[in-house]
Amino acid sequence: MSDHIVSSFNEDLKDLASRIVEMGGLAETLVSDAVQALLRKDSGLAERTIEADRRLDEMQTQLEERCILVIARRQPVARDLREIFAALRISNDLERVGDMAKNISKRAQAIEGNFNSKQLALGVEHMAELAMEQLKAVLDAYTTGDLEAVEQVHARDKQIDALYTSLFRQLLTYMMEDPRNITMCAHLLFCAKNIERIGDHATNIAENIYYMVSGDHLPIDRPKKDETDVDLP
Amino acid sequence: MAMEMTAGTVQTQNMTGALPLAEDGVPIKMQAQKVNVHYGEKQALYGVDLDVRKNNVTALIGPSGCGKSTFLRCLNRMNDTIDICRVGGNILLDNEDIYDQRIDVVELRARVGMVFQKPNPFPKSIFENVAYGPRIHGLAQSKAELDEIVATSLQKAGLFEEVKDRLDEPGTGLSGGQQQRLCIARAIAVSPEVILMDEPCSALDPIATAKVEELIDELRENYTIVIVTHSMQQAARVSQRTAFFHLGYLVEEGKTNDIFTNPKDQRTQDYITGRFG
Ligand SMILES: Nc1ncnc2c1ncn2[C@@H]1O[C@H](COP(=O)(O)OP(=O)(O)OP(=O)(O)O)[C@@H](O)[C@H]1O
Ligand SMILES: [Mg+2]
């Protein structure tokens with residue numbers, strides 16, 4: 001896309017985009033660290049992750065202020081306007097991703113003792129890997145504007161949902177087998193739910209990028225929520 | 001109606017019932033079909049097709065020199081006053097070709113009124129400025145009727161309260177914003193069906209502009225309005241339809257909401273967002 005006649009407007013839009021990229025990078029790190037803290041029971045890393053999430057909140061607040069300022073000063077239209085709204089909404093999703101990572105970190109600190117089942121840990125790890133891939137792919141697509149990549153991210157969310165559902169079943173089984181597993185399993189279940197939500201946020205970001213680039217909404221329906229939703233608070 | 005009183009002209013009753021409908025079901029008040037305009041050797045408009053929807057505000061936007069004013073002036077044959085100007089194609093008002101031999105141009109301009117960029121009241125009293133049109137068109141049978149027309153026109157133009165105690169003072173003594181609303185009152189006074197406005201707010205401050213924009217929105221109920229504006233925000237605020245002109249071509253016309261969120265043509269996008277075209 002060619003440049004604005006008013007070059008400072010260009011700078012404004014570029015600034016917003018680079019803030020999103022920066023937030024995205026931090027959000028990815030937070031998720032990765034939180035999951036490592038959980039799997040390795042690294043309470044120090046969990047602590048640092050919780051701390052780092054504050055930075056993400058700050059960045060989101062600042063970006064929001066920048067967006068409002070640009071709207072007030074430039075009265076953007078068309079693609080410019082869509083870009084600014086996309087930045088606002090994507091930053092919101094990224095901030096929520098940070099919250100999910102923080103929550104996983106807190107649970108990592110709360111869980112006592114070892115995982116009784118390696119399989120469970122592997123399940124969580126696998127889900128987390130998928131969610132991080134999604135996050136990375138969607139953030140790349142934000143920079144490139146590649147709509148095909150955006151649609152792929154959108155379509156892949158089902159896989160995370162499916163993994164979550166199966167993990168949910170496994171955890172239930174463990175809890176029923178031995179009530180002493182309940183605390184640990186409940187924590188893991190919430191962690192898995194948080195990861196599943198991270199996937200949802202990646203999907204939201206995909207939808208926002210699609211609208212930003214094309215001006216249309218993603219033609220596909222929103223991916224179906226996981227089937228356990230009805231049973232959970 | 002004034003039109004029926006003017007002798008020897010084409011029957012010009014409102015034929016709303018017979019108006020063609022746009023794809024969204026809105027009646028089309030004016031239709032430009034393959035309009036070409038030349039000034040001498042130089043071509044200013046190329047095959048412009050545009051439907052003007054009834055009771056809508058249609059905004060014409062585009063870079064300087066793209067032909068907006070030229071197009072606007074075609075709609076009430078103001079171009080006739082320019083010797084070197086030739087207009088080709090058809091322009092229909094209520095399905096009738098306004099360039100037809102039998103059309104009375106004076107009457108046409110009463111039906112399709114115009115408000116200009118710079119407020120241009122006559123060097124006469126406020127009252128006379130508004131009364132002039134109805135008088136030459138024989139719209140009033142008596143002084144009382146004329147008074148009535150002047151008062152309602154000023155009211156519709158949102159100016160009556162500000163000037164009712166000084167109707168005898170010269171129109172040129174009003175502020176710029178008041179003068180522009182006086183010119184709108186003058187245009188309304190002859191009961192036009194269509195009002196053309198060429199950058200009506202470019203000489204006004206934001207408050208006066210807001211008043212004129214509010215007025216345009218109210219006038220839409222009874223009139224069809226075509227407005228040329230250089231302010232993208234104004235086009236976005238006041239119009240339902242927007243037409244983007246570029247180098248003499250109509251590039252894109254559509255719902256204002258669509259044009260300002262998701263224009264189809266890259267040139268429109270570049271123009272409204274302030275990029276190089
Ligand atoms: N009276 C005239 N004689 C010769 N050429 C003219 C005349 N009026 C307009 N033109 C030419 O026709 C083209 C379109 O002019 P027009 O005034 O319609 O542009 P516009 O879109 O209204 O521009 P602006 O935004 O500056 O008012 C221009 O190239 C202009 O030079
Ligand atoms: Mg002009």
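The values are calculated or read from the model by the stated rules, or taken from the named source; none is laboratory data. Everything numeric here is computed off the predicted structure, so don't read it as measured data. Here the Cβ is made from the backbone with ideal geometry for all residues, glycine too, and neighbour counts use every protein chain on show. Only protein heavy atoms, including side chains, enter the accessible area calculation; ligands, DNA and RNA are left aside. Shrake-Rupley method; radii C 1.70, N 1.55, O 1.52, S 1.80 Å.
Points to keep in mind about this one:
- Odd one out for B:F244 among (1) under 22 Å from B:E193 (Cα atoms); (2) within 13 Å of chain A (Cβ to nearest Cβ): (1)
- Against the conditions (1) touching a residue at least 12 places away in the same chain (Cβ under 8 Å); (2) open to solvent by 40 Å² or more (accessible area, probe 1.4 Å); (3) away from ligand 1 (no atom under 13 Å from the Cβ), B:F116 satisfies every one except (3).
- Each residue in the stretch A:69-110 was checked for being under 24 Å from the mean Cα position of the chain (by Cα), away from chain B (no Cβ under 12 Å) and not hydroxyl-bearing (S, T, Y), and 23 of them qualify.
- Applying the set (1) open to solvent by 70 Å² or more (accessible area, probe 1.4 Å); (2) in contact (Cβ under 8 Å) with a residue 12 or more places away in the chain to A:N181 leaves exactly one unmet item: (1).
- For the stretch B:87-105, the tally of residues that are open to solvent by 40 Å² or more (accessible area, probe 1.4 Å) and touching a helix residue (DSSP H, G or I) at 6+ places or on another chain (Cβ under 8 Å) stands at 2.
- For B:K264: the one exception among (1) within 11 Å of chain A (Cβ to nearest Cβ); (2) in contact with a strand residue (DSSP E or B) (Cβ under 8 Å, 6 or more places away or on another chain); (3) farther than 28 Å from B:H38 by Cα; (4) crowded, with 17+ Cβ neighbours inside 10 Å: (4)
- Of the residues screened, B:R86 is one that is within 14 Å of ligand 1 (Cβ to nearest atom) and more than 13 Å from B:M197 (Cβ to Cβ).
Results for (1) within 16 Å of ligand 2 (Cβ to nearest atom); (2) in contact with a helix residue (DSSP H, G or I) (Cβ under 9 Å, 6 or more places away or on another chain); (3) not β-branched (V, I, T), shown as yes or no for each residue.
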{"position": "B:E199", "(1), (2), (3)": "yes, yes, yes"}
{"position": "B:L219", "(1), (2), (3)": "no, yes, yes"}
{"position": "B:A235", "(1), (2), (3)": "yes, yes, yes"}
{"position": "B:A243", "(1), (2), (3)": "yes, yes, yes"}
{"position": "B:V251", "(1), (2), (3)": "no, yes, no"}
{"position": "B:I259", "(1), (2), (3)": "no, yes, no"}
{"position": "B:T268", "(1), (2), (3)": "no, yes, no"}
{"position": "B:T273", "(1), (2), (3)": "no, yes, no"}
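- In the stretch B:21-123, counting only strands (runs of 3 or more DSSP E) that sit wholly within it, the ones holding 2 or more residues that are among the small types (G, A, S) span B:42-53, B:85-93.
- When B:I84, B:I28 are checked against the criterion of being open to solvent by 50 Å² or more (accessible area, probe 1.4 Å), more than 25 Å from B:C201 (Cβ to Cβ), aliphatic (A, V, I, L, M) and modelled with pLDDT of 95 or more, a single residue qualifies: B:I84.
- One residue stands out in the stretch B:36-80 among those that are more than 12 Å from ligand 1 (Cβ to nearest atom), open to solvent by less than 10 Å² (accessible area, probe 1.4 Å) and not small (G, A, S): the one that is farthest from B:Y99 (Cα to Cα), namely B:V57.
- Annotation note: Cβ proximity below 8 Å between a residue of the stretch A:1-30 that is part of a loop (DSSP other than H, G, I, E, B) and a residue that is surrounded by fewer than 19 Cβ atoms within 10 Å (Cβ to Cβ) (sequence gap 6+ or interchain) occurs for A:S2/B:F276; A:D3/A:N10; A:D3/B:F276; A:I5/B:G274; A:I5/B:F276; A:V6/B:G274.
- Within the stretch A:16-71, the residues that satisfy the criterion of being within 21 Å of A:V138 (Cβ to Cβ) and of a type in the set (D, E) are A:E22, A:E28, A:D33, A:D53, A:D57, A:E64.
- The single condition among (1) free of Cβ contacts under 8 Å to residues at least 40 places away in the same chain; (2) open to solvent by 10 Å² or more (accessible area, probe 1.4 Å); (3) in contact with a helix residue (DSSP H, G or I) (Cβ under 7 Å, 6 or more places away or on another chain) that A:I160 does not meet is (2).
- Residue count for the stretch A:138-184 under the criterion of being of a type in the set (D, E, K, R) and under 25 Å from A:G25 (Cβ atoms): the result is 6.
- Candidate set from the stretch A:1-26 (those that are of a type in the set (A, V, I, L, M) and in contact with an Asp or Glu (Cβ under 8 Å, 6 or more places away or on another chain)); member that is farthest from the other protein chains (Cβ to nearest Cβ): A:M23
- Some residue of the stretch B:223-231 being within 26 Å of B:K54 (Cβ to Cβ), of a type in the set (S, T, N, Q) and modelled with pLDDT under 95: yes
- B:I272 within 14 Å of another protein chain (Cβ to nearest Cβ), touching a residue at least 60 places away in the same chain (Cβ under 8 Å), buried (at least 19 other Cβ atoms within 10 Å of the Cβ) and aliphatic (A, V, I, L, M): yes
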